[in-house]
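The values are calculated or read from the model by the stated rules, or taken from the named source; none is laboratory data. Note that the coordinates shown come from a computational prediction; the quantities given were computed from them, not determined experimentally. Cβ sites come from the backbone with ideal geometry, for glycine too, and all protein chains shown count toward neighbours.
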Amino acid sequence: MFQNPCKKVAAIHDLSGLGKVSLTAVIPILSSMGFQVCPLPTALLSSNTEIEGYRLFDLTDAMKAVIEHWKTLDVKFNAIYSGFLGSPLQIDVVKNFISFFRKKDTLVVIDPVLGDNGRLYSSMNEDMIREMKNLILSADVITPNVTEACALLDMPYKAKQEERTIKQILKSLSDKGPKTVIMTNVNRSDKKRQTYVYAYSSLTKHFWKVCCDYVPANYPGTGDAFTSVVTGCLLQGDSLPIALDRAVHFITTAIRASYGYQHDPKYGIYLEKVLPNLSAPFQPGSFILLDEE
Ligand code: PXL
């Protein structure tokens, strides 16, 4: 029987020509980790939506045609990983894609890309939030930032959170279906120069946190890079805390590698400078197991 020596990831994200987001981050990261990425582009953009004057071409019809073709082939995906979606109708297409291609051991990762730092991205609206709430019900793993987590739970956004509230948010999102909820870009009310990634697994009932150094710059696409590393780690059999640790370490290094340059952060991180780190040996050590509550 034909065997594929590389695990396959169906990557459902946009393709943006400038500004390192979505497929331009997902493909190099997962390829560097040894996975075969099968892109299903959701939209073609001249640049990410943070760069003024961007052009967006919705690819919903093209997606439907690609999926029809894939359905006729004997193709098996080890993971389905979705990110930036262009329209509410498209979310429905993704939901149907998952129900057709998901097998017993398929890892379904949904990054509910909606916004950051308390505001929605310019192409997002209330209809997208409503549909995204529905899509996350099908996920094994979701990776919202605080803005997205609050939008998915109809909670007002607060820039700084208490740990007790963070745990409640993670648990409430997990109660909706995803066994693993990872929340990125968390700022705590009692810590100034640090941000955190928090996670909850309903399988082990464990909460985890990893601390990241705060850098005063916002690069679009760091969430995509983070979730891509987590997806690769989980596919290669790493535990959840090791996956978080590796992803935080990789993103922190990428931001540090970019921050020293005179460079408009809207254009994203210099990913290519740090890609080789993904194949370097890794010594985990910064994750913390929190008390259950
Ligand atoms: O990483 C989020 C993202 C994805 N895709 C597009 C974006 C952004 C964030 O700005 O603009 C097109």
Check on residue 159, touching a residue at least 24 places away in the same chain (Cβ under 8 Å), among the aliphatic types (A, V, I, L, M) and surrounded by fewer than 20 Cβ atoms within 10 Å (Cβ to Cβ): yes
message: Which residue is farthest from the chain's Cα centre (by Cα), if the candidates are limited to the stretch 37-58 and must be buried (at least 17 other Cβ atoms within 10 Å of the Cβ) and in a loop (DSSP other than H, G, I, E, B)?
response: 54
query: Is there any pair linking a residue in the stretch 217-239 that is on the phi > 0 side of the Ramachandran plot to one that is within 16 Å of the ligand (Cβ to nearest atom) and outside any helix (DSSP H, G or I), with Cβ under 6 Å and at least six apart or on different chains, and which?
result: 221/20; 221/21; 221/268
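Which members of the stretch 30-64 meet the condition of being β-branched (Val, Ile, Thr) and within 13 Å of the ligand (Cβ to nearest atom)?
Matches in the stretch 30-64: 42, 49, 51.
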query: When the residues of the stretch 162-185 are filtered to those that are in contact with a helix residue (DSSP H, G or I) (Cβ under 7 Å, 6 or more places away or on another chain) and crowded, with 22+ Cβ neighbours inside 10 Å, which remaining residue is farthest from residue 211 (Cα to Cα)?
result: 178
task: Give the residue that is modelled with the lowest pLDDT, with candidates limited to residues of the stretch 193-224 that are farther than 18 Å from residue 118 by Cβ and outside any strand (DSSP E or B).
output: 215
message: Condition check: under 30 Å from residue 5 (Cβ atoms) and surrounded by fewer than 15 Cβ atoms within 10 Å (Cβ to Cβ). Does residue 272 satisfy that?
response: yes
